[in-house]
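What follows is a single structure, written as structure tokens, with notes after it.
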Amino acid sequence: MHLPLLFCLFLRLSGSSAISGPRAVRGVEQGSLTVRCRYDPGYEHYVKWWCRGAAWNNCPFVIKTTGSEKEVKKGRVSIRDNWKDRSFTVTMEELRLDDSDTYWCGIERTGTDLGNPVEVTIDPAPTVLISTLATSNANMFTVAPKENQGQLPLLGSVHFLLLVFLKVPLLLGMLGAVLWVNRPLRSSGGNPEKNQ
């Protein structure tokens, strides 16, 4: 009778957990990321949660399931449980740099909840090439307000690219065709007037 209880206690103390997930995930500012946490059989109907903070035993909940498979959405975060796969997914949208932190995926149960830490890192959105053009060509273009920044250099560079890669080769091709058509004809047999 006590043997199964001791075995369960041994598994718990040896680091085995009924819940697992990625140690770390990365996302890009303004993008989204999804974290999938898995759990052992028997926890299908339990409430699953996602909280934020270094210490999981007192971190504030960001979102919880209702104990069903129905998706729950709260602000920019959603959570959905999948009993068949014994996993739940948390999706964070419209990511911000300050979303970077330690989060926990967990299972609510009587006594101590089960939790697994996930380090979330949000990287800055990649800089667009147009912004680089606006900075490097600042002496050629008037810089517009932030929401319109990049429009003038874009128009200027498109016109320049059309000129260099379309108009100039087209004009050179036409010039070559005119010169080829108007070239003096040479006969291999000598002067045609002398042969008569």
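Assess whether residue 76 counts as being within 26 Å of residue 28 (Cβ to Cβ) and either of a type in the set (D, E, K, R) or in the same structural domain as residue 45 (by TED's automatic domain parsing) (or both). Considered against the rule, which asks whether it is within 26 Å of residue 28 (Cβ to Cβ) and either of a type in the set (D, E, K, R) or in the same structural domain as residue 45 (by TED's automatic domain parsing) (or both), residue 76 comes out as yes. What do you reckon, is residue 31 within 34 Å of the chain's Cα centre (by Cα), loosely packed, with under 15 Cβ neighbours inside 10 Å and at pLDDT below 95? For residue 31, the condition - within 34 Å of the chain's Cα centre (by Cα), loosely packed, with under 15 Cβ neighbours inside 10 Å and at pLDDT below 95 - is not met. As a summary of the residue check, residue 107 satisfies the conditions (1) under 27 Å from residue 30 (Cβ atoms); (2) surrounded by 18 or more Cβ atoms within 10 Å (Cβ to Cβ) except for the one numbered (1). Taking the numbered list (1) closer than 15 Å to residue 118 by Cα; (2) at pLDDT below 95; (3) surrounded by fewer than 15 Cβ atoms within 10 Å (Cβ to Cβ) in turn, residue 59 passes all entries but (3). Number of residues in region 78-111 that are closer than 18 Å to residue 55 by Cβ and without any contact (Cβ under 8 Å) to a residue 40 or more places away in the chain equals 2.
Filtered by the rule that a residue be more than 21 Å from residue 122 (Cβ to Cβ) and buried (at least 19 other Cβ atoms within 10 Å of the Cβ), region 34-45 gives 39, 43.
The values are calculated or read from the model by the stated rules, or taken from the named source; none is laboratory data. For clarity, every value in this text was computed on a predicted model and none was experimentally measured. Every residue, glycine among them, receives a Cβ derived from its backbone with ideal geometry; neighbour counts consider all protein chains shown.
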